[in-house]
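Data first, discussion second: the structure below is written as structure tokens.
The values are calculated or read from the model by the stated rules, or taken from the named source; none is laboratory data. Everything numeric here is computed off the predicted structure, so don't read it as measured data. No Cβ is skipped: glycine too gets one built from the backbone with ideal geometry, and neighbour counts run over all protein chains shown. Just so you know, the surface numbers come from the protein's heavy atoms only, side chains and all, with ligands and any DNA or RNA stripped out. Shrake-Rupley method; radii C 1.70, N 1.55, O 1.52, S 1.80 Å.
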Amino acid sequence: MDVEIKKEILFDLAKSIDILKIREKSDVEQLRVLSDHAIEHVAVYKDLDIISVTVLIYSIYKAYSCIGDKDYATLLKELERARSSLEKNQFGPYNRSIKVLYDIVRRCSSETKEHLQDVMQAARIKKGTALLTKGLSIGQAAGLMGLSNWDLQQYAAKTTALESGPVKVPAKSRMLSALKIFGVR
Amino acid sequence: MVQKVTSSETILFFDTGPIITLVMSRLAHLLLELKKKMNGHFYITPAVKYELIDRPLTVRRFEFEALQVIKMIRDGVLEVYENVPRQNVSELIELANTSFRLDGKTMDVIQEGEMESIATALQIGAAGVVMDERTLRLFIENNRDMKALLEMRFQKTVTPDLKKMDAFSSKLQDVTIIRSIELVGVAYRLGLLDDYIPDGKNGREQLLDAVLWNTKFNGCAVTEEEIQELKQFLLKR
């Protein structure tokens, strides 16, 4: 694992533990902010481990209210364990902890489906849209998040993520080009 | 062997985005009439076909949309162009994705599949490429602003490789890019949407407003100002 990526994941895990240590509803918004911070690293590094942690953090944020006390305790324990394993470069135990964390969210997600999507799918779409706002193309962003272009375009079109940047070719010129191609005056 | 088209054939290549936009906007039927009018070929590349059909066939949410695209191919509205110039695609991708560095890392801003349509269109001398995607369009048409855009979005200094940026843009400068919204504009001009004109003296304007915004809300990257400009232009006869 790249040193910078490891540093970023350790930061994200430590911050998540810090936010979730005491279960207070007011803290949960900080998880969303943290996942926004992490998405910048996804855009730069395009690394599966960092994508996985970013989607996980956002999924925990969305699933927070339905995670039962027992699962919540396990969630904290596994976040600690993931951090500790990664610090020691023990990637097997690290990956197992991430899997347990996803299982907790998945269990909760099956109980509270959001708009007919599971929480993790929604998280991937949301974070994919965040990548669009960073300047990545739809194909890049969808590919990184394991989404189809249909999923991402349908959602992103309803946000400001696809807003054009600076316009160099005036719309009228482009329209004239189109009319010319079709032989329309 | 890739061949240039003869002068009598008009060819348009479609990226994934505009087809998604038109299907989602319930305007895909316009393509048949537009193709008849153009009297040429509407091509998609294998990577675009994969994103439009093969992948969504595995996702229940978009399975029917994929079937609609299959029908368009079966009806001959869209054709799959297999002879993609792989070497050119790889070279263009290499140029695009090594043009910007952030935190010492190169930024992959474009995906290979997205480059297929444009590289193939260029290779065979197509009349244009239909592309709703903003990033690649901006990179081709306005690469200096692309740097500013990335910096604004990351709030960090982006180091550009000006030589690569310009090499990329100059290779693609002859490609005409239009969007799904312009296709809708052509359809409007051809009267293909006249059945939808509501009663009242501003019927045409209302139709145009509705159909242009519909395109935007289904994925075409277009600004509000551009929609206004298109409306004014199209309403003038």
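By the rule of a C-alpha distance below 14 Å, with chain neighbours fewer than 8 residues away ignored, the aspartates and glutamates paired with A:Lys172 are B:Glu182, B:Glu224, B:Glu225, B:Glu226, B:Glu229.
Here the translational diffusion coefficient of the stretch B:2-95 follows from Stokes-Einstein with Rh set to the Kirkwood radius across Cα pairs; for 20 °C and 1.002 mPa s it amounts to 150 µm²/s. Applying 1/(1 + (r/R0)^6) with R0 = 41 Å to the Cβ-Cβ distance of B:Arg61 and B:Thr157, what FRET efficiency is obtained, to the nearest 0.05? Plugging the Cβ-Cβ distance into 1/(1 + (r/R0)^6) gives 0.55. Note on B:Glu82 and B:Lys201: their simple-model spin labels are 5.9 nm apart, each label 7 Å out from Cα toward Cβ.
Look at the dipole of the protein assembly as shown built from charges on Cβ: of A:Val42, A:Gln153, B:Met115, the Cα furthest out on the positive end belongs to A:Gln153.
Once the Cα atoms are used to define both axes, helix A:119-133 deviates from the longest principal axis of chain A by about 50 degrees.
If you place +1 on the Cβ of every Lys and Arg, -1 on the Cβ of every Asp and Glu, and leave all else neutral, what size is the dipole of the stretch B:1-129 about its Cα centre, to the nearest 20 Debye? Don't jump to the answer; show the numbers that get you there.
Working: 14 positive and 17 negative charges, 85 e Å.
So the dipole magnitude of the stretch B:1-129 works out to roughly 400 debye.
Taking the Cα centre of chain B as the origin, how large is its charge dipole in debye, to the nearest 20, when only Lys and Arg (+1) and Asp and Glu (-1) carry charge on their Cβ atoms?
Numbers: 31 positive and 35 negative charges, 30 e Å.
Here the size comes out at about 140 debye.
What angle, in degrees between 0 and 90 and rounded to the nearest 10, separates the Cα long axis of helix A:171-181 from the longest principal axis of the Cα atoms of chain A? The answer is roughly 60 degrees.
Given their separation in residues at 0.36 nm each and the Cα-Cα distance between them, B:Ala148 and B:His29 gain 39.0 nm when the chain is fully extended.
About the Cα centre of the protein assembly as shown, what is the dipole size in debye to 20, counting +1 per Lys and Arg Cβ and -1 per Asp and Glu Cβ, all else neutral? The partial results should precede the final answer.
Details: 60 positive and 58 negative charges, 59 e Å.
Rounded to the nearest 20 debye, it is 280 debye.
What is the percent carbon and sulfur in the accessible area of the stretch A:26-185, measuring with a 1.4 Å probe over the protein chains and ignoring ligands? Roughly 51 percent of what the probe reaches on the stretch A:26-185 is carbon or sulfur. When the convex hull of its Cα atoms is viewed from all sides, the stretch A:1-96 shows a mean projected area of 5.6 nm².
Counting only other residues whose beta carbon sits under 12 Å from that of B:Ile70, what net charge do I get with K and R as +1, D and E as -1? Intermediate values should be presented prior to the final figure.
On the way: positive: B:Lys49, B:Lys71, B:Arg74; negative: B:Asp54, B:Glu63, B:Glu65, B:Asp75.
That works out to -1.
Give me a single rounded figure for B:170-182: the average over its residues of other chain Cβ atoms within 10 Å of their Cβ. All intermediate terms of the calculation are to be shown ahead of the outcome.
Details: counts 0, 0, 0, 0, 0, 0, 6, 4, 10, 5, 0, 4, 9.
If you average over the peptide's residues, the count of other-chain Cβ atoms is 3.
Full extension of the segment from B:Ser170 to B:Trp213, taken as 0.36 nm per residue of separation minus the current Cα-Cα distance, would add 12.2 nm.
Solvent-accessible surface of protein heavy atoms, probed at 1.4 angstrom with all chains present, puts A:Arg32, B:Arg86, B:Arg179, B:Arg74 in the order B:Arg74, B:Arg86, A:Arg32, B:Arg179, largest first.
Only one residue of B:Asn39, B:Ser99, A:Val184 has its Cα farthest out toward the positive end of the dipole of the protein assembly as shown, where Lys and Arg carry +1 and Asp and Glu -1 on Cβ, and that residue is A:Val184.
Output the pairs from A:Lys25/A:Lys99; A:Lys7/B:Lys147; A:Lys6/B:Lys49; A:Lys6/B:Lys171; A:Lys62/B:Lys71 with a Cα-Cα distance over 30 Å in this structure; if there are none, say none. Mind showing how you got there, number by number?
Working: A:Lys25/A:Lys99 25 Å; A:Lys7/B:Lys147 27 Å; A:Lys6/B:Lys49 37 Å; A:Lys6/B:Lys171 38 Å; A:Lys62/B:Lys71 38 Å.
Too far apart for the 30 Å limit: A:Lys6/B:Lys49; A:Lys6/B:Lys171; A:Lys62/B:Lys71.
Expressed as a whole percent, the accessible surface of chain B that belongs to carbon and sulfur atoms is 48, based on a 1.4 Å probe.
Excluding ligands, DNA and RNA, the accessible surface per residue across chain B is 44 Å² with a 1.4 Å probe. Restricting the calculation to Cα atoms, the protein assembly as shown yields a radius of gyration followed by a Dmax of 23.1, 74 Å.
Surface calculation, 1.4 Å probe, protein heavy atoms: B:Trp213 sits at approximately 50 Å² accessible.
Among A:Leu101, A:Leu31, A:Leu147, the largest mean-square fluctuation in a Gaussian network model of chain A (Cα springs under 10 Å) belongs to A:Leu147.
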